[in-house]
Amino acid sequence: WSRNGNVATAVFHLLSSGIGIQALLLPVAFATLGWVWGAISLSLAFTWQLYTIWTLVQLHEPIPGIRTRYSRYLQLAIAAFGPKLGKLLAIFPVMYLSGSTCIMLIIKGAGVMELLFKLMCEGGATCDAKSLTGAEWFLVFTCMAIALAQRPNLNSIAGFSLVGAMSAIGYCTLIWALPISKDRPSGVSYDSRKGGSTMAGMFDVLNAIGIIVLAFRGHNLVLEIQGTLPSSLTNPSKRTMWRGVSVSYIIIAMCQFPLAIAGFWAYGNKIPSNGGMLTAFMQFHGHDTSRFAKGLVYLLVVINCLSSFQIYAMPVFDNLEFRYISMKNRRCPWWVRIGFRLFFGGLAFFIAVALPFLPSLAPLVGGITLPLTLAYPCFMWILIKKPHQKGHDALWCLNLGLGCLGIVLSVLLVAAAAWNLAIKGLHASFFKPL
């Protein structure tokens with residue numbers, strides 16, 4: 001395990017994993033919740049998930065002076081909940097958030113790559129004739145991502161994370177700054193667009209809260225990132241890591257809060273539920289925006305998807321190599337490492353082609369994995385630190401309350417997502433990527 005990271009590399013990794021295309025849906029949540037409750041929900045979600053990150057940072061090295069470091073979420077879950085329950089609670093959400101995030105990035109990145117190609121060749125019959133099929137765009141993106149994914153560990157992809165962070169900041173800023181510099185579409189309204197019945201309205205609110213909560217991601221990578229930092233009694237890794245978290249989340253807040261507020265101001269309840277700000281901008285302001293600006297937004301999104309793929313896939317690669325080393329009792333040779341990356345890339349490509357509608361299931365599965373972000377860290381703090389036994393009753397009550405609230409919220413979000421799918425239906429098109 002390489003432990004020569006620093007505050008800068010931690011910031012790069014946290015930004016690359018923490019900002020993504022899911023933030024473009026934040027104005028959609030505001031269209032349901034309105035100005036006041038949208039801002040309150042966004043602020044509460046930001047504070048809550050920042051607290052659970054602080055908790056994970058403290059639990060990375062729970063006992064000062066002891067060399068035990070939990071550099072994987074699963075290791076910490078096993079230490080807190082025990083071998084059986086820890087694996088049961090953590091394996092699926094960690095696998096989902098690593099593997100399926102890469103699949104989502106293939107679907108979204110390839111789609112935007114196709115839009116960029118059509119913009120560059122100016123549309124028309126000739127452009128359509130030259131364009132690739134959906135599956136071929138998926139393959140192009142996957143090949144590019146796997147070609148870049150040959151670095152051995154998380155520290156070695158700090159450059160990719162820097163590029164991913166800069167591109168995410170770039171398109172998040174452009175996508176709200178460009179619309180507010182232009183006239184708003186006619187008929188923009190800020191009235192809530194909740195469903196007509198009480199039940200439908202309640203589930204619409206829950207789905208909006210789910211969009212806000214799922215905009216903050218990367219908790220499954222926090223321990224991995226901290227594991228790249230050196231640690232000693234005089235300068236434990238939690239100090240360095242928290243400095244990195246503080247810097248990165250100030251930047252994340254500067255990206256996501258203006259995106260949500262300015263996006264809702266520009267489009268109100270006209271913002272499309274699918275695609276969010278990117279679709280709205282191209283639909284309402286694409287005609288009066290230069291090709292260079294539109295192309296730059298598309299390019300930055302593609303670059304960010306390629307860079308984010310590296311950091312989300314690295315824990316999978318690391319786990320595969322760890323299994324190999326444990327079985328063979330020797331270092332993983334370069335050709336085996338390449339084979340693992342090709343295998344994962346091929347599997348992710350196959351699932352993306354087979355299930356191109358997977359992003360529409362994100363609220364459902366995201367609700368299932370929500371405890372990993374908002375609840376499990378609180379329970380792990382109680383079980384490992386035992387604050388109640390040490391007289392820290394306030395911390396015990398805070399973590400117990402937040403943990404239970406996170407579980408309840410997860411159940412409600414799953415119910416709302418299932419209700420939404422039951423009412424609107426799931427337009428499943430197996431092996432038919434657009």
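Here is the list for the stretch 1-99: trypsin sites (Lys or Arg not before Pro) lying in DSSP coil, each with at most 11 other C-beta atoms within 10 angstrom of its C-beta, are 67. Pick the calculated percent of Cα pairs over 29 Å apart for this structure from [x] 63; [y] 47; [z] 51? Read-out taken from this structure: [y]. Ranking 382, 147, 301 by how far each Cα lies toward the positive end of the dipole of the chain (charges on Cβ) leaves 382 at the top. Subtracting the Cα-Cα distance of residue 136 and residue 183 from their residue separation scaled by 0.36 nm leaves 13.1 nm.
Cross-link partners for residue 270 among the aspartates and glutamates, with Cα-Cα distance under 13 Å and sequence neighbours closer than 8 places in the same chain left out: 191.
For the stretch 6-104, which whole percent of the accessible surface, found with a 1.4 angstrom probe, sits on carbon and sulfur atoms? Spell out each step's value before the answer.
Details: 2810 of 3750 Å².
The computed percentage sits at 75.
Across the cross-link table entries 84/385; 87/385; 87/328; 328/385; 108/386; 238/294, which are compared at the Cα atoms, the separations over 31 Å belong to 328/385; 108/386; 238/294.
Just checking the listed ones, 36, 411, 213: in the Gaussian network model of the chain with Cα springs under 10 Å, the one fluctuating most is 36.
With 0.36 nm allotted per residue and the present C-alpha distance subtracted, the residue 361-residue 191 stretch has 58.5 nm of extension available.
By the gyration tensor of its Cα atoms, with a ≥ b ≥ c the square roots of the eigenvalues, what is the shape of the stretch 302-378: rounded for a/c under 1.5, prolate for a/b over b/c, or oblate? Before the final figure, lay out the partial values.
On the way: a/c = 2.25, a/b = 1.43, b/c = 1.58.
Oblate, because a/c is 1.5 or more while a/b does not exceed b/c.
The values are calculated or read from the model by the stated rules, or taken from the named source; none is laboratory data. Just so it is clear, the model here is predicted, and its values are computed rather than measured. As a convention, Cβ positions derive from the backbone with ideal geometry for all residues, glycine included, and neighbour counts pool all protein chains shown. Note: areas computed on protein heavy atoms with side chains; ligands, DNA, RNA excluded. Shrake-Rupley method; radii C 1.70, N 1.55, O 1.52, S 1.80 Å.
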